[in-house]
Amino acid sequence: MRRQSRKLASHVDAWLVARSARARPSAADRFLRTLSISADHSRLWLVVAGLMALGGRAPRRAAVRGLVSVALASSVANGIAKPLFPRRRPPDESVPFVRRLVKPPVSSSFPSGHSASAAAFATGVAIESPAAAAIVAPIALAVGYSRVHIGVHWPSDVIAGGALGGAIALGTRRWWAQRDDEPAELGAHERITPMRDGFGLLLVINPGAGAGTGSEQLRLLHESLPAAEILTVADDLTTQIAKRVGRDEIAALGVFGGDGTVSAVAAAAVEHRLPLAVFAGGTLNHFARDTGVECLDDTLAALESGEAVRTDTAEVRSDGLEPRTFVNTASLGGYPDFVRFREHWQPRLGKWPAAGIAMLRVLFRAQPLPTTIDGTRTAIWMLFVGNGHYRPAHQIPMSRPALRHGTLDIRYLRADLPFSRIRLIWATLTGTLDRSATYVNHHADRLSVHIDDGPVALATDGEVDYRGDDFTFTSRPATLTLVRREEPN
């Protein structure tokens, strides 16, 4: 039965190649040959990915996933499948001379590595950006057919290569979560005093935040909020805000900057019970993105109309010091280093590849941290405490679906189990972190942590604030009034 199937497949291959060879010469011959050559060593996909990287966050993520998929698919197709399944390529005379390559490949014909790479790139792009995939997919199909048209592959080689590449790209979702760009579910909507032209708004500006478009955004803010009072970030920012709020008729706070600046001003907004208008001005802007206030025009419109929504914050107390409010995450152990490495590489590689590299680097260098967590003694590599619910639960946190239930997302990596470092690295690479005993994830409204070996650094929202050995993390539901339109674009 297997022999008969192979014979049938060979007959179909030969018939399809003959049909293609009988097509009349045209400009398509030169185009397809050039296209096929351009895909050698994935050069075509590197160029396409470079162009996509200029198109914004989603196309950039799609380009990175596409290239990672290409690297995996090419390695499997050319390094494993071809040696395991040797097959002769079509004879030179199977297609007209004008179509042939000057130096045809001599490796095994099965499967088509070009087709595997093309399908992997198109599928990887489709996972992150269907709109970009609508442009990339026809190019990938043309590359696959070009291998038959120029006589270097049988049609079944192309089909098998395409299936292999597509499957590998889809498999990346197991260990590389798909980013959800939908904003988090927030609390109840509120009406606040409308602030036309920024009257009654104290706008805190971090002039060093962001890159590229920061000066243009600042210009637009000054033009749109001529009546706002401006405060530039300084070392004593909390004191300066308190003085202005107590002295002037301030009805709301505004902030232009990244997550660190937003967190500091959000703490003041909670303390003084004032609404907060966020104008994303940093490089990454996690809080603005998660709460759907990235668009400057939308926030300005919400200020004008007096629209707002309640959202959660969290706080951490350490060794009797004043509580520190955070809006995204707090962390101990190797996590601050993980964040620093990830954010260094994220603008160039995307969040998950950067996070993967950062995770491996930190795990190789970290030392176990003896702790007592909620009364239970253990040793950890790092601790992550998120404000709200993050997902995916079994991978590196990528997005926040909800920020309204008064919960902390608690995750830590155990260092007190045998071979825990190797087990964590293997689980991260294979996407089995949810089944690893070295990974703990749960939700609570409060968490207490004692460091057994003395003070360690605490990082909140990417800023290393102080050192301590006793920490209490608490969720504070619906404590921040965020200026936001009811249906942000």
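What follows is calculated from the coordinates using simple rules that are stated; it is not laboratory data. In this text the structure is predicted, and so the values were computed from the model without any measurement. So basically every Cβ, Gly included, is an ideal-geometry build from the backbone, and we count neighbours across all protein chains shown.
Brief remarks on what is shown
- Antiparallel bridge percentage (DSSP; both residues within the stretch 189-310; nearest 5): 20 percent
- Sorting 380-389, 453-462 by their mean Cβ neighbour count within 10 Å, with the most densely packed peptide first, gives 380-389, 453-462.
- Global form of the stretch 442-481, assessed from the alpha-carbon gyration tensor, a/c cut-off 1.5: oblate
- Of the residues Arg43, Arg324, Arg57, Arg147, the one with the fewest other Cβ atoms within 10 Å heads the list, and the complete ranking is Arg43, Arg57, Arg324, Arg147.
- Dipole magnitude of the stretch 399-473, debye to nearest 20 (Cβ charges: Lys/Arg +1, Asp/Glu -1, about Cα centre): 460 debye
- Fewest-first sequence of His394, His153, His344 by Cβ atoms within 10 Å of each Cβ: His344, His394, His153
- Taking a ≥ b ≥ c as the square roots of the eigenvalues of the Cα gyration tensor, an a/c ratio below 1.5 marks the stretch 189-310 as rounded.
- Distances between placed amide hydrogens fall under 5 Å for Thr291 paired with Ala184, all partners being 5 or more residues away or on another chain.
- A protection proxy built from the mean count of other Cβ atoms within 10 Å ranks the segments 81-87, 325-331, most packed first, as 325-331, 81-87.
- To the nearest ten degrees, helix 335-349 and the longest principal axis of the Cα atoms of the chain are 50 degrees apart.
- Packing-based ranking, highest mean first, of 297-305, 261-269 given that Cβ atoms within 10 Å are counted: 261-269, 297-305
- Degrees separating the helix 214-224 axis from the principal Cα axis of the chain, which is the longest one: 50 degrees
- The stretch between Leu321 and Ile422 holds 32.6 nm of extra length on full extension. This uses 0.36 nm per residue minus the Cα-Cα distance.
- Folded to 0 to 90 degrees: helix 130-149 orientation relative to the chain principal axis, Cα: 20 degrees
- Residues whose placed amide H lies under 5 Å from that of Glu190, excluding near-sequence neighbours: Ala308, Val309, Arg310
- From least to most packed, judged by other beta carbons within 10 angstrom and beginning with the fewest, His189, His114, His149 follow the order His189, His149, His114.
- Gyration tensor (alpha-carbon) shape descriptor, the stretch 329-476, a/c threshold 1.5: rounded
- The amide H of Leu201, built 1.01 Å from its N in the peptide plane, has Glu229, Ala251 as neighbours under 5 Å, considering only residues 5 or more places off or on other chains.
- For the chain, the percent of C-alpha pairs falling in each 10 Å distance bin, counted from 0 to the bin holding the largest distance, reads 4, 17, 23, 20, 15, 11, 7, 3, 0, 0.
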